[in-house]
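The values are calculated or read from the model by the stated rules, or taken from the named source; none is laboratory data. Small disclaimer: the values here were computed from a predicted structure and weren't measured. Every residue, glycine as well, gets a Cβ built from its backbone with ideal geometry; the counts of neighbours run over all protein chains shown. For the accessible areas, the whole protein counts, side chains as well, though only heavy atoms, and no ligand, DNA or RNA atoms are used. Shrake-Rupley method; radii C 1.70, N 1.55, O 1.52, S 1.80 Å.
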Amino acid sequence: MTTDQASPLDGGALRRTMGRFATGVAVITTEHNGQRHGMTVNSLTSVSLDPPMLLVCFTRGSRTVRTVSRAARFGVNLLSARQEAISNHFARRGEDHFAEVPLDQGPLGVPLISNAIAQLVCTVGREIDAGDHVIVLGNIVHIRQRDGLPLCFFSGTYGDFHDRGNPAEFWYF
Ligand SMILES: Cc1cc2nc3c(=O)[nH]c(=O)nc-3n(C[C@H](O)[C@H](O)[C@H](O)COP(=O)(O)O)c2cc1C
């Protein structure tokens with residue numbers, strides 16, 4: 001890859017540039033009228049502690065965002081380093097995403113992925129049109145976390161988190 005060079009602002013270059021922002025990986029899960037849908041995302045952001053809110057950016061028209069919209073609720077499953085196969089599974093179009101995936105039943109009837117390092121359940125607050133994506137603001141109604149290391153994503157590739165043992169120094173509140 002070319003380094004230290006400005007690029008024309010096309011979709012591929014933008015995707016590669018934003019890919020320099022390392023993230024975790026989450027799977028959004030939802031169910032409406034007995035139909036379950038889910039998709040892998042990394043556009044997850046914590047928004048507000050009081051009231052508790054988060055946001056996810058969905059490709060406009062994706063099956064999952066349509067179902068999230070209808071169900072008005074969704075689950076957020078933060079994947080562990082052992083769940084790379086689940087990330088790939090929920091990123092493939094046209095599959096029965098829930099076949100053979102171990103699930104927990106969450107509050108509000110939301111299906112959750114077993115052994116994720118964190119599980120959250122949200123009701124849909126607002127949906128905001130944003131170019132070719134839809135930003136869904138979720139009101140967080142349930143949280144659960146467990147020990148384990150995260151699955152990480154950087155420049156289109158999965159990776160592992162290595163703890164430097166240095167807690168971040170920051171001022172809050
Ligand atoms: C690591 C990773 C992160 C992704 N992040 C997003 C995202 O934030 N938003 C999005 O719309 N799609 C994202 N995708 C792509 C979707 O998972 C993929 O398009 C999926 O097939 C959509 O499912 P659906 O159309 O059945 O709802 C991501 C894929 C991967 C592998």
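Worth a mention:
- Selection from the stretch 63-73 of residues that are at pLDDT 95 or above and either in a strand (DSSP E or B) or over 15 Å from Thr123 (Cα atoms) (or both): Arg73
- From the list Glu95, Glu100, the lone residue that is away from the ligand (no atom under 16 Å from the Cβ), in a loop (DSSP other than H, G, I, E, B), among the acidic types (Asp, Glu) and within 16 Å of Val27 (Cα to Cα) is Glu100.
- Flag for Pro51 being in contact (Cβ under 8 Å) with a residue 40 or more places away in the chain, more than 23 Å from Leu79 (Cβ to Cβ) and in a loop (DSSP other than H, G, I, E, B): yes
- For first residues located in the stretch 70-96 and more than 13 Å from Ser114 (Cα to Cα), partners that are within 12 Å of the ligand (Cβ to nearest atom) and small (Gly, Ala, Ser) and lie 6+ apart or on another chain with Cβ distances below 6 Å form the pairs Phe90/Gly38.
- Some residue of the stretch 23-39 being in contact with a Gly (Cβ under 9 Å, 6 or more places away or on another chain), near the ligand (Cβ under 10 Å from one of its atoms) and in a loop (DSSP other than H, G, I, E, B): no
- Elements of type strands (runs of 3 or more DSSP E) in the stretch 115-166, at least 3 residues being within 21 Å of Thr67 (Cβ to Cβ): 118-130, 133-145
- Within the stretch 44-86, being more than 22 Å from Gly109 (Cα to Cα) and either of a type in the set (Phe, Trp, Tyr) or open to solvent by less than 60 Å² (accessible area, probe 1.4 Å) (or both) holds for Ser48, Cys57, Thr59, Gly61, Ser80, Ala81, Gln83.
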